[in-house]
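The values are calculated or read from the model by the stated rules, or taken from the named source; none is laboratory data. Note that the structure is a prediction, hence the values are computed from the model and not measured. Methodologically, a virtual Cβ is constructed for each residue, glycine included, from the backbone with ideal geometry; neighbour enumeration extends over all protein chains shown. What goes into the accessible areas is simple: the full protein's heavy atoms, side chains included, and nothing from ligands, DNA or RNA. Shrake-Rupley method; radii C 1.70, N 1.55, O 1.52, S 1.80 Å.
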Amino acid sequence: MSEKKTTGAALTPRPAPRLTSQTAGYWKAAREGWLLLGDCAACGKLSHPPQTVCPFCWTAGLGNRKASGKATLNSFTVVHQSGVPALRERLPYIVAYVELEEGICLLSNLVNCPPAEARIGMALRVLFEAITDESAAVLFEPA
Ligand SMILES: [Zn+2]
């Protein structure tokens with residue numbers, strides 16, 4: 001990924017993730033503009049989010065790989081109501097199920113895209129929205 005994009009500077013920060021010894025590295029990488037995948041040396045499979053144990057072969061000590069940030073929109077829904085103040089500012093917003101170029105699917109938000117323009121199969125790219133100094137939301141926008 002050659003360009004690290006960010007968004008959301010004028011909005012109330014999204015709810016912060018609870019950092020643990022297992023998740024802090026993932027969120028810090030997102031804050032620095034990288035989407036990390038778990039990379040298993042034993043079975044060769046990638047996973048998301050990174051974990052300490054491979055979800056496929058149960059090998060401990062997974063490595064990390066930086067995702068390319070390229071993805072495809074597999075499915076989505078448009079949210080029109082939210083009880084969370086920071087999310088209320090973003091209404092309507094798109095909850096997107098995206099497939100990364102690496103074959104991993106994950107749930108995220110599609111931003112910088114009016115809901116009427118979202119199309120299944122559209123090319124996306126990752127971007128990041130700072131939450132704290134130690135975390136950022138992993139989001140996608142049209143490529
Ligand atoms: Zn494995």
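Just how much of ASP133 is accessible, in Å², when a 1.4 Å probe is used and the result is rounded to the nearest 10?
Estimated to the nearest 10 Å², ASP133 gives 110 Å².
More than 17 angstrom separation, counting every C-alpha pair in the chain; what % is that?
So the pairs more than 17 Å apart make up 61 percent of the total in the chain.
If you keep only loop residues by DSSP, which chymotrypsin sites (Phe, Trp or Tyr not before Pro) in segment 44-143 have at most 10 other Cβ atoms within 10 Å of their Cβ?
Passing both the DSSP loop test and the Cβ count: TRP58.
By DSSP, what percent of the beta bridges with both residues in the chain are antiparallel, rounded to the nearest 5?
In the chain, DSSP labels about 95 percent of beta bridges as antiparallel.
Counting trypsin sites (Lys or Arg not before Pro) as exposed when in a DSSP loop with at most 15 other beta carbons within 10 Å, what is the longest stretch of the chain free of them?
19-118
Hey, got the dipole for the chain? About the Cα centre, +1 on K and R Cβ, -1 on D and E Cβ, debye to the nearest 20?
80
With unit charges on the beta carbon (Lys/Arg positive, Asp/Glu negative), name the residue among THR77, TYR97, ILE120 whose Cα is farthest towards the positive pole of the charge dipole of segment 61-143.
ILE120
Just the isolated ones, please: cysteines in the chain lacking another cysteine beta carbon under 4.7 angstrom.
So far as the 4.7 Å Cβ criterion goes, CYS105, CYS113 stand without a partner in the chain.
Select from LEU11, LEU37, LEU124 the residue whose mean-square fluctuation is largest in a Gaussian network model of the chain (Cα-Cα springs shorter than 10 Å).
Among LEU11, LEU37, LEU124, the largest mean-square fluctuation in the Gaussian network model of the chain belongs to LEU11.
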